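The block underneath contains the structure these notes are about, expressed in structure tokens.
All of the numbers you see were taken from the coordinates with simple rules; none came from a lab. On a predicted model such as this, the values are computed, not experimentally measured, just so you know. Note that each Cβ is placed from the backbone with ideal geometry, even for glycine, and that neighbours are counted across all protein chains shown.
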Amino acid sequence: MTYDSTFDQTRLDQLAQQHLGGTNISGRILFFGDPEENRLDLATWQLDNDEDYEAIKGSDFKLHMMELLDTLLTYRAQHERPNAGQGAIHIKSGTLTIEWLPRDAVEAMRDENIKGG
């Protein structure tokens, strides 16, 4: 099976359409996979304000996002793509984009948010 470079974004677009239409939620989700199993291990949600957290709390968005991240990690690892184990999902005005990054870059983003408050 060949790698489909649109796989990630197509699924993110579907999830955004299903859950984020008409919202102004913004922030990011930093995620890390288990290096041995290529499955989701940790996700840190960094939304811009408390209202954004409240908006998703009662929905299935969080559950569906975690399931999708697990799928994307597995797919990318199966195709031996670079930085297959970690990255960031950016959320802005009802859209989702993914950025696959080296582990140290994602850790720096996480640590920056902790230090910055």
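Summary table below
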| item | result |
| --- | --- |
| Paramagnetic reach from Phe7 in the stretch 66-103 [backbone N under 15 Å; point 7 Å along Cα→Cβ] | 68-86, 100 |
| Centroid-to-centroid separation of the stretch 83-117 and the stretch 3-43 [C-alpha atoms, Å] | 11 Å |
| Exposed GluC sites (Glu not before Pro) absent: longest stretch of the chain, with sites in DSSP loops and at most 14 other Cβ within 10 Å deemed exposed | 38-79 |
